[in-house]
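Notes to accompany the following structure.
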Amino acid sequence: MKIIACYKLIPEEQDITVNGDGTLNLSKTDAKISQFDLNAIEAACALKQQNSDIHIVAMSTGGEALANPKGRKDVLSRGPDELIVVSEPGLENALPHQTAATLAAAAQKSGFDLILCGDGSADLYAQQVGLLLGEALGVSAINGVSRIINLSDTQIQVERTLEDEVETLTLNLPAVVAVSTDINAPQIPSMKAILGAAKKPVQAWQSADLGLGNVSSYTTLLSVLAPQQKARARVIIEGDGEDQIAEFAEHLRKVIG
Amino acid sequence: MSKFSTVWVFSDTASRLPELMGAARQLGENVRVIVQGNEPSAQAFRLGADAAYDLGTIPADRIIEDYADTLVQAIKSQGASALVLLPATRRCKALSARLGARLAAGVVNDANELVLQDGHLVATHMVYGGLAFGKEQITTPYAVTTLNSGVFEAATEDSARTGSATPLEFVAPKNPITCVSRNAKQSNSVDLGKARLVVSVGRGIGNQANISIAEALSNAMGAELGCSRPVAENEKWMERERYVGISGIMIKPELYLALGISGQIQHMVGANGAQIIMAINKDKNAPIFQYADYGLVGDLMKIVPALTEALKR
């Protein structure tokens, strides 16, 4: 059985700073695997532990950052057997419909029984790619999966956590499943896994290899701006003597009401 | 065009319908609502629906997402362009993607603002875990969006308005998903999102045992206890459900009292919705004081128990 685990490279959010005009400064950020996608990769590896016949393909589409050998080793050290990337300049700004179209073409070329994705990427968090991928491939797709109960040659049974209820669902394979962060706690790769990752096969494709023309987007991202800072009173009391604490307590009492 | 000629509304959650109707009436000339059953249909008319369509009783082994083709058939039969409004629930996000694919429509989830600009919908939604908002224009004739709660005023009911719903015939999907069982969720007692007052603990508290002094203060105030990312994720002193900030939870309490939290932007995006922010930190240069209405510079171990005593008096 072939499982594709999709991931996206995104800027490390802890290193993002806000410019004076509200735009984001991403120049000091490293590319990293989107957190939710680590859950998808881990879920694929957990299935392989139960069934050694599973072959895991990690798959991503994006810009030139995907050519970085360190990044490729990072994803392969987490357990996948093989890596397929579709990258070329410009694809780093792809919006969900375009990303899904590219991944669908690559998945069709590589073949698959099951595709695992994260529920959304930690940058744009559009929460659509996995579901749109299922649509583009003409197979069942579902989001919010918090547990994989059973995987057979023909079906996958999953638990899906919604706002107020938990569903158990059966999907016929092939299928696309987007997992939530509750599904597992991704492990940190061992030194042995990191060393072994360099030997795993990598295929790098471009849109032209997939016969993909220009996929236009259904939306246009007009701007990305930090919210305006709320004006705060900024009454700062220095010192932890009785008087200062009493003054602070007085403010606190007024707020509590 | 100042309004969409047609807005379709569907809500899987009854409590979200009035607000979706408020948005629909503001954005559209003609509001068509998809409902399940008689009472929701009557309510939709009272809230200002121009037409309602009834999905009928949904069999227990079927999920609402599998009605995407049914919805699409109804939507397409009434015109080649429309806005489709849904609440930002997990179920409706799955449905929105399916509708988007079938209607060749742009989709934006978790919209915090919806406006019509030059005949196109422009939706604002949170990106980079809350550091910023992305403004996205949907350029297709059909537009689909899931709306966050609290964005539009709820439509008021007018009991004089009535109507009858048109039944919709189920269009079976090509790849149906079978629902084996459905159980109400074990409710987690922590719901920081609804708390009026939140006391939050950062790594500055020192160690897990010291959290008890914050707990005593929050009990004295009648507040819920939250924390920063390092406390939950690195130190694991508190549950993940309590962590405020980027990839954690976003809260809007009346008061946010930060204890030993330095105030990185990645934390503050979760707390900035608070009406009042108060902070205690031993470092007077900590960024948290830039975001605070009231700050106190000093030793938590001395200040927090003293505050607790002061509030009991």
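What is the mean number of Cβ atoms from other protein chains located within 10 Å of the Cβ atom of each residue in peptide A:129-138, rounded to a whole number?
Details: counts 1, 2, 10, 5, 2, 5, 7, 1, 1, 2.
For peptide A:129-138, the averaged partner shielding equals 4.
Using a 7 Å offset from the Cα along the Cα-to-Cβ direction at both A:GLN203 and B:SER181, what is the distance between the two label points in nm, to one decimal?
Each label point is offset 7 Å from its Cα along the Cβ direction, giving 4.1 nm.
Find the centroid of the Cα atoms in the range A:219-257 and in the range B:210-278, then give the distance between the two in whole Å.
That distance is 14 Å.
How large is the helix-only mean residue ellipticity at 222 nm for the protein assembly as shown, computed as the sum of -39500 (n - 2.57) over DSSP H runs with n ≥ 4, divided by its residue count, in deg cm²/dmol to the nearest 500? Please report the intermediate quantities before stating the final value.
Working: 13 runs with 145 residues, N = 570.
Per the formula, -7500 deg cm²/dmol.
Among bridges DSSP assigns within the protein assembly as shown, what percent are antiparallel (round to 5)? Mind showing how you got there, number by number?
Working: 41 of 117 bridges.
Around 35 percent antiparallel, to the nearest 5.
Grab the eigenvalues of the alpha-carbon gyration tensor for the protein assembly as shown, scale each by 5, take roots, and send me the semi-axes largest first in whole angstrom. Don't skip to the answer; put the middle values down first.
Values: eigenvalues 319, 209, 99 Å².
Each semi-axis is the square root of five times an eigenvalue, giving 40, 32, 22 Å.
Rg (Å, one decimal) plus Dmax (Å, integer) for the alpha carbons of the range B:155-262?
Just the Cα atoms of the range B:155-262 yield Rg and Dmax of 22.0, 63 Å.
Based on Cα coordinates alone, diagonalise the gyration tensor for the range A:35-88, multiply each eigenvalue by 5, take square roots, and list the semi-axes in whole Å, largest first. Could you put the intermediate results ahead of the total?
Working: eigenvalues 94, 23, 17 Å².
Output for the range A:35-88: semi-axes of 22, 11, 9 Å.
By what distance, in whole Å, do the Cα atoms of chain B stretch along each of the three principal axes, largest value first?
Largest first, chain B extends 69, 45, 41 Å along its Cα principal axes.
Under 10 Å, Cα contacts only: if you run a Gaussian network model on chain B, which one of B:TYR67, B:TYR243, B:TYR128 comes out with the highest mean-square fluctuation?
With Cα springs under 10 Å in chain B, the top fluctuation among B:TYR67, B:TYR243, B:TYR128 is at B:TYR128.
May I ask you to derive the FRET efficiency for B:ALA160 and A:GLN108 from their Cβ-Cβ distance with R0 = 60 Å, giving the value to the nearest 0.05? Numbers along the way, then the final one.
Details: r = 56 Å, r/R0 = 0.93.
In this case the efficiency is close to 0.60.
Under 26 Å Cα-Cα from A:LYS200, which lysines qualify once same-chain neighbours fewer than 8 residues away are excluded?
Partners within reach: A:LYS2, A:LYS8, A:LYS32, A:LYS48, A:LYS70, A:LYS73, A:LYS109, A:LYS192.
Provide the buried accessible surface between chains A and B in square angstrom, both chains summed, 1.4 Å probe, rounded to the nearest 100.
Working: alone 15110 and 15940 Å², together 24240 Å².
Between A and B, the summed buried area is about 6800 Å².
Once you have all Cα-Cα distances for chain A, histogram them in 10 Å bins from zero and send the whole-percent values.
Result, from short to long distances: 6, 27, 30, 17, 9, 7, 3, 0 percent.
Who wins for biggest fluctuation among B:LYS302, B:LYS135, B:LYS185 in a Gaussian network model of chain B, springs between alpha carbons below 10 Å?
Maximum among the listed residues: B:LYS185.
Please report the carbon-and-sulfur percent of the accessible area for chain B; probe 1.4 Å, protein heavy atoms only, DNA, RNA and ligands left out. Mind showing how you got there, number by number?
Numbers: 5750 of 12650 Å².
For chain B, the apolar C and S fraction of the accessible surface comes to 45 percent.
Provide the per residue accessible area, probe 1.4 Å, for the protein assembly as shown, rounded to a whole number of square angstrom.
Working: 24240 Å² over 570 residues.
Ligands and nucleic acids excluded, the result is 43 Å² per residue.
Taking H as built 1.01 Å from N, whose amide H comes closer than 5 Å to the amide H of A:ALA126, not counting residues under 5 places away?
Hits under the 5 Å cutoff: A:SER121.
Please compute the modelled spin-label separation between B:VAL151 and A:LYS28, points set 7 Å along Cα→Cβ, answer in nm with one decimal.
In this crude spin-label approximation the distance works out to 3.3 nm.
Provide the FRET efficiency to the nearest 0.05 for the B:LYS194-A:LYS70 pair, computing r from the beta carbons and using R0 = 30 Å. Working shown, then result.
On the way: r = 43 Å, r/R0 = 1.45.
For R0 = 30 Å, the calculated efficiency reads 0.10.
For chain A, which whole-number percentage of the solvent-accessible area (1.4 Å probe, protein heavy atoms only) is attributable to carbon and sulfur atoms?
Numbers: 5640 of 11590 Å².
Carbon and sulfur atoms account for 49 percent of the accessible area of chain A.
The values are calculated or read from the model by the stated rules, or taken from the named source; none is laboratory data. Bear in mind that the values here come from a model prediction, so they are computed numbers and not experimental data. Cβ sites come from the backbone with ideal geometry, for glycine too, and all protein chains shown count toward neighbours. Please note that ligands, DNA and RNA were not included when accessible areas were found on the heavy atoms of the full protein model with its side chains. Shrake-Rupley method; radii C 1.70, N 1.55, O 1.52, S 1.80 Å.
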